[in-house]
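Structure first, commentary second.
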Amino acid sequence: MKRKRLNTIFLGLLCLLLILSSCGEKVNQNHKAGKLIYGSTKDIRDINPHLYNGEMSAQNMVFEGLTKNEDGRIKPALAESWTISEDGKEYTFKLRSGVQFSDGEPFNAEAVKQNFDAILANKERHAWLDMVNEIDTTQIVDDHTFKLSLKHPYYPTLTELGLTRPFRFISPKSFKDSGTKDGVISYAGTGPYKLVEHKDNQSAVFEVNDSYWGAKPKITEVDWKVISDSQSLLLALKKGELDLIYGADGDQLNTDAFNALSKDNSLVSVSSQPVASRAILLNSKRENLQSLQVREAITHAINKKNIINGILNGSEEEAESLLSKTAPYSNVELKHIDYDVEQAKKLLDEAGWKEGDDGIRYLNGKPLKLIFSYNAQNAQEGTVAESIQADLKEVGIDLSIISEEKQDFLDRQKDGDFDLQYSLSWGTPYDPQSYVSSWRIPAHGDYQAQTGLEKKAWLDNLISEVMVEPDETKRQADYSEILTYVNDQCVYVPISYSKTKAIGTSQLKNVVFNDSQYEIPFEKMYFEEE
């Protein structure tokens, strides 16, 4: 009987070893074939490059622009060169020859014009990007020359043509009803990969685009696996079911998980240079936040070091201003509001908010109650909210926290139905021009938070002016005014400068970062040969 039990145990262990060996062999075969399994909490959705429903990292794999933003510079992409007229209003692009879309259609000036026309047919949807509003005419000069004429000398033109969307090119054969605003019938691009399979909320498969004009990627296939629960995603990586997790913020790869997995010798972890700014929005139009003294008191009351060291594990640098001084036009001397509980209490007293017996402040019988809403998919935001809740309680402010589904959160943001919200700037190459430009769009939380400001109309006008200011000195002066005003009005509580993080199998090499936190350069990665 004992021998029989030992035989059973032995056979069980043997089966387990065979299974593990089989799994390991499969992984090795995948790596040798250049197949990478990428894990994400998000589905790729609709990757039409002219709309905003799809994952940007997936769009970047398939579609390219005339330019690209790389290593802090503007480089040629589908345009191999360009010239700019003396008045700064005409851009003439020399297109690469011999390029074709993955469906075999030629990439030429006609295709470029058709794409521009499709984007401009949906101008209202792209209003956040001033580039769209500045386009006057588009012209086919010859088969491989395209001219773009602007209404004013718009300085971020080449940068914004290289953004992940909307100025990326899709085959005219993919158009629906001669355009793209109502959807597309296929996803044929010129990029290094093509989408060959997509199962909603489950997976997507990208293969190398055989007609790609550039160097062929060593990663020949990217299997995008959707695992909506972040803990299950991390477990899948540890079990060897995934090769890579890549994240710009806490909804996919929070700091605790990153630090814990970094100790695993079978994995490699990397983080980018600071790329964007974390902040808390204070909605100036809400009744209890209309007073500048109250907003400044909240800024004094929030212990940023506790958030950075306790929640972010000291992995990020404390932000003294909304945008890092390393961002263009952002090296501005601004008033710095330190953590100071006593000063916060003093400002609230001066604003007429007196502490009651319950420890909460009151004005004319009304309690100083506020709401912090956050996206439930991002657990890290919830932890930050709890830290701020404790800080504000210390100075007599009752902060309630609402965790809600992403769409509900976005709807609340769009309607301005919030007191405090977590905010992340767009990072390079969007900061400052594209990010600041979006402050004028009502659907954005920044716009809603600023609507209670006395000089909101002036602010929006100055933003419009700086986008078309040809004089570099005057442009810098305008940005200084913009950043000084929002800083002094305490609409934002800067927390830290965020980093993009990635963790993958140790066999995966050259895991690097693009300038944009929303892109993943799969085409630069490769598996180490064994």
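The values are calculated or read from the model by the stated rules, or taken from the named source; none is laboratory data. Note that the coordinates shown come from a computational prediction; the quantities given were computed from them, not determined experimentally. Note: ideal-geometry Cβ built from the backbone for every residue, glycine included; neighbour counts use all protein chains shown. To get the accessible areas, we keep the full protein, side chains included, count just its heavy atoms, and leave off ligands, DNA and RNA. Shrake-Rupley method; radii C 1.70, N 1.55, O 1.52, S 1.80 Å.
Quick notes on this structure:
- Within the stretch 255-284, the set of residues being part of a loop (DSSP other than H, G, I, E, B) and either open to solvent by 50 Å² or more (accessible area, probe 1.4 Å) or under 19 Å from residue 498 (Cβ atoms) (or both) comprises 262, 263, 265, 266, 272, 273, 274, 275.
- Residues in the stretch 323-376 that are aromatic (Phe, Trp, Tyr), open to solvent by 70 Å² or more (accessible area, probe 1.4 Å) and closer than 18 Å to residue 280 by Cα: 339 alone.
- Among the candidates 83, 92, the residue that is assigned to a strand (DSSP E or B), surrounded by fewer than 11 Cβ atoms within 10 Å (Cβ to Cβ), hydroxyl-bearing (Ser, Thr, Tyr) and modelled with pLDDT of 95 or more is uniquely 83.
For every residue, the table says whether it meets (1) open to solvent by 30 Å² or more (accessible area, probe 1.4 Å); (2) charged (D, E, K, R); (3) part of a helix (DSSP H, G or I).
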residue	(1), (2), (3)
213	yes, no, no
231	yes, no, yes
235	yes, no, yes
253	no, no, no
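- Inside the stretch 506-530, residues that are in a helix (DSSP H, G or I) and surrounded by fewer than 20 Cβ atoms within 10 Å (Cβ to Cβ) make up a count of 1.
Conditions tested, residue by residue: (1) open to solvent by less than 40 Å² (accessible area, probe 1.4 Å); (2) farther than 24 Å from residue 55 by Cβ; (3) free of Cβ contacts under 8 Å to residues at least 24 places away in the same chain.
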| residue | (1), (2), (3) |
| --- | --- |
| 455 | no, yes, no |
| 460 | yes, yes, yes |
| 464 | no, yes, no |
| 494 | yes, yes, no |
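- Checked against (1) outside any helix (DSSP H, G or I); (2) under 27 Å from residue 484 (Cα atoms); (3) modelled with pLDDT under 95, residue 421 meets all criteria but (3).
- Contacts under 9 angstrom Cβ, first residue in the stretch 72-85 being on the phi < 0 side of the Ramachandran plot, partner modelled with pLDDT of 95 or more and surrounded by fewer than 13 Cβ atoms within 10 Å (Cβ to Cβ), 6 or more apart: 80/97
- Subset of the stretch 466-492 [more than 30 Å from residue 150 (Cα to Cα) and open to solvent by less than 20 Å² (accessible area, probe 1.4 Å)]: 490, 491, 492
- Residues located in the stretch 237-251, provided they are out of contact with any Ser or Thr (no Cβ under 6 Å at 6 or more places or on another chain), of a type in the set (A, V, I, L, M, F, W, C) and assigned to a loop (DSSP other than H, G, I, E, B): 242
- Among the residues of the stretch 179-205, those identified as outside any strand (DSSP E or B), touching a residue at least 40 places away in the same chain (Cβ under 8 Å), under 25 Å from residue 98 (Cα atoms) and not aromatic (Phe, Trp, Tyr) are 186, 188, 189, 190, 191, 192.
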